[in-house]
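The values are calculated or read from the model by the stated rules, or taken from the named source; none is laboratory data. The model shown is predicted, which means the values in this text are computed figures rather than measured ones. Don't worry about glycine lacking a Cβ; one is built from the backbone with ideal geometry, like all the others, and counts go over all protein chains shown.
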Amino acid sequence: MVPTPIPSSRSGLSADELADYLAEIGGTLVAYGCPSYRLEEVIRVVGEVEGFRAHTFAFPTGLIVSLRASEAVPPLLRMVRVKQWQVNLDRLLLVDRIFNDVASRKLTIREARRLLADLDRRPLPYPQALQWLAAAVASSAMAVFLRGKLVEVEAAAVAGLLVGFIVWALARIPNARFLAEFAGGLAAASVAFGASVAYPRVSREVIVLAGVISLVPGMTLTTGLAELARKNLVAGAGRLMEALVAFTSILFGIALEIGVEHLARLSPGAPGVRGGLPLEWQAVALVGASLAFAMMFYVPRAYVWSAIASGAIGYVASALGTEYLPGHVAAFAASAAVCSTSNLFARLTGRPAQLFQLPGMTLLVPGSFGFLSLESFLGGDVVKGAAQGFQMLLVAGALVTGVLVSNVLVPVKKLL
């Protein structure tokens, strides 16, 4: 029996070349932080445009692509394993541009594959020194939001800078990158202890939480819940487990420092009282945090304004919401405001909605609640820890619902 030949794509490519192209697009999007449900839709639409049925099973560490011309022929399968991933909006924007140019026939798929292969060699938009500075600025801004005093803001900046350097250093050592959360928690707790020795009555809680803010996987948690809500069960469960492991690693680093204090019979001193800084400090912190997250997420320089706008919308909506509404309802309103505005910007500029959404959402994510709940469990306060853990899930659910509602009210015209 003669097998039925697999037809070529509408752009003239063989089915094998098209399958390779879809796998390369999918693997690149996974590596640069694209949610699984968006990625799967991109692959499906590209396959349809080329006259094939493409199905994707995506998860945080890779994906499987199935390409089929008809029921008469067996599917072509491709699998991609992704070992390292990070949110990189600069490269995500380039992938989106390549994808759109192929769809509009400005690029052939062969040319697109060459461009995708060159992405990893493209220089990042910000030097490494600015990444360390961004971690310090984000930590100091978070200390302001947590009602820290000036000395706590300064100590949080030192902790954030140290954490940023540690993450960079460990990433250069094989297998050591998996210790980043543990080492960051240990470093932040050590800085907090040093600050409490030099300046009694400081709030170590503010310093520690603000110092590790660049490590707290709030976006991973929220994205995982969003994927579960869209029935991407494997991807969502994987991201939730990733967030849990990161939380516990940070917490163990802090616990180790506390254990060393007890072993050395060092007194932590009386807990500090949060004082808070004037409103103008909040405004400066908002701008600083937005710029810091823009650098940490590699927002292209031409779109740094979008990070500031997104952060401001999230902050104002959250502040107004918490003034008149319960916390979880305020989180829903703020998330809906950020995502609706981001979708509108995406429609006006023709760029991915994530470019405008991530910086603002990062200021809203419930990572601190998860950290505090685990800290309470560590201290033996099971009731308080359970209450804070439930509050974290409630806020995360509110944020996810805000995203889903905004996608209905202001749907984007783009896949990414």
Only listed residue being within 22 Å of Leu364 (Cα to Cα) and either surrounded by fewer than 20 Cβ atoms within 10 Å (Cβ to Cβ) or of a type in the set (Val, Ile, Thr) (or both), chosen from Val167, Val163, Val151: Val163
Condition broken by Tyr199, with the remaining ones in (1) crowded, with 22+ Cβ neighbours inside 10 Å; (2) over 24 Å from Leu94 (Cα atoms) satisfied: (1)
Within the stretch 315-361, considering residues that are of a type in the set (Val, Ile, Thr) and in contact with a Gly (Cβ under 9 Å, 6 or more places away or on another chain), the one nearest to Phe297 (Cα to Cα): Val338
Hits in the stretch 56-97 (condition: part of a helix (DSSP H, G or I) and without any contact (Cβ under 8 Å) to a residue 40 or more places away in the chain): Leu94, Arg97
Selected residue (criterion: farthest from Glu242 (Cα to Cα)) from residues of the stretch 41-55 that are buried (at least 22 other Cβ atoms within 10 Å of the Cβ) and touching a strand residue (DSSP E or B) at 6+ places or on another chain (Cβ under 7 Å): Phe52
From Leu186, Leu170, Leu179, Leu161, residue being out of contact with any Phe, Trp or Tyr (no Cβ under 9 Å at 6 or more places or on another chain), of a type in the set (A, V, I, L, M, F, W, C) and in a helix (DSSP H, G or I): Leu179
Test: Val30 is touching a Phe, Trp or Tyr at 6+ places or on another chain (Cβ under 7 Å), within 29 Å of Arg177 (Cβ to Cβ) and buried (at least 21 other Cβ atoms within 10 Å of the Cβ): yes
Near pairs, Cβ below 8 angstrom, 6+ apart or cross-chain, from the stretch 300-322 (over 12 Å from Gln357 (Cβ atoms)) to any residue that is of a type in the set (A, V, I, L, M, F, W, C) and outside any helix (DSSP H, G or I): Tyr315/Leu363; Ser318/Leu363; Ser318/Leu364
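Out of contact with any Asp or Glu (no Cβ under 7 Å at 6 or more places or on another chain), surrounded by fewer than 22 Cβ atoms within 10 Å (Cβ to Cβ) and over 27 Å from Leu404 (Cα atoms) - does that describe any residue in the stretch 60-67?
yes
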Residue selected from the stretch 306-334 under the condition hydrophobic (A, V, I, L, M, F, W, C) and more than 19 Å from the chain's Cα centre (by Cα), by the criterion farthest from Ile213 (Cα to Cα): Leu325
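Is the stretch 264-281 home to any residue that is touching a Leu at 6+ places or on another chain (Cβ under 8 Å), modelled with pLDDT of 90 or more, on the phi < 0 side of the Ramachandran plot and buried (at least 16 other Cβ atoms within 10 Å of the Cβ)?
No, because not a single residue in the stretch 264-281 is touching a Leu at 6+ places or on another chain (Cβ under 8 Å), modelled with pLDDT of 90 or more, on the phi < 0 side of the Ramachandran plot and buried (at least 16 other Cβ atoms within 10 Å of the Cβ).
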For Ala135: the one exception among (1) within 30 Å of Ala210 (Cα to Cα); (2) surrounded by fewer than 16 Cβ atoms within 10 Å (Cβ to Cβ); (3) among the hydrophobic types (A, V, I, L, M, F, W, C); (4) touching a residue at least 60 places away in the same chain (Cβ under 8 Å): (2)
